[in-house]
């Protein structure tokens, strides 16, 4: 009984710690109207992707904790399901997490994903977007999304993401933003 209480106490402490760290992430995230921090990261195919090379397109830059986890898989499937709609809106989807290119390649193959997942193994880009969940011994990307316009300006920031409906929300916001003349 005593061992069970100790284990339960440790689980509670760990859960509170993770929740506290998760709520701190994003407090200093770049906001709407600011230039998106530039970066270059390797995609699952090993080829580098630079944000500045995507000027002229909308970019859905989404950070997620880990390949092959339930929420991250659901979110990726929803982006994949809506990929043609993003293409119609001149938008590119880029997923970023702390796994390496091999993990991303396996994830894309297993889940049928046809957009780029970028390896941020040291969480440096995640940190530039204040999207790091620091668990002490490990760092993960927080589940945040930045909608970047064709000029490289952040137009929308999502710090509270529901992976089940996120793609729908981003598409709706993208459609609304594209109605305004300055965002074309």
## Note on the structure
Taking the range 130-153 and the residues there that are part of a strand (DSSP E or B) and more than 14 Å from residue 94 (Cα to Cα), the one that is modelled with the highest pLDDT would be 153
### Query
Which residue pairs have Cβ atoms closer than 9 Å, lie 6 or more positions apart in sequence or on different chains, and pair a first residue in the range 86-100 that is without any contact (Cβ under 8 Å) to a residue 24 or more places away in the chain with a second residue that is surrounded by fewer than 23 Cβ atoms within 10 Å (Cβ to Cβ) and part of a strand (DSSP E or B)?
100/42; 100/119
### Message
With the requirement that a residue be buried (at least 20 other Cβ atoms within 10 Å of the Cβ) and in a helix (DSSP H, G or I), what does the range 115-129 give you?
### Response
125, 126
### Query
Any residue in the range 159-173 that is modelled with pLDDT of 95 or more and more than 16 Å from the chain's Cα centre (by Cα)?
yes
### Task
Go through the range 154-173 residue by residue and tally those that are under 20 Å from residue 36 (Cβ atoms), outside any loop (DSSP other than H, G, I, E, B) and in contact with a helix residue (DSSP H, G or I) (Cβ under 8 Å, 6 or more places away or on another chain).
6
### Query
Taking strands (runs of 3 or more DSSP E) that do not extend beyond the range 1-114, which have at least 3 residues that are touching a strand residue (DSSP E or B) at 6+ places or on another chain (Cβ under 8 Å), under 26 Å from residue 168 (Cα atoms) and at pLDDT 95 or above?
58-63, 91-97
### Task
For residue 144, state whether it is within 22 Å of residue 164 (Cα to Cα), touching a residue at least 12 places away in the same chain (Cβ under 8 Å) and touching a strand residue (DSSP E or B) at 6+ places or on another chain (Cβ under 6 Å).
yes
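The values are calculated or read from the model by the stated rules, or taken from the named source; none is laboratory data. Here the structure is a predicted model, which means the values were calculated and not measured. In this analysis, Cβ positions are derived from the backbone assuming ideal geometry, glycine residues included, and neighbour counts consider all displayed protein chains.
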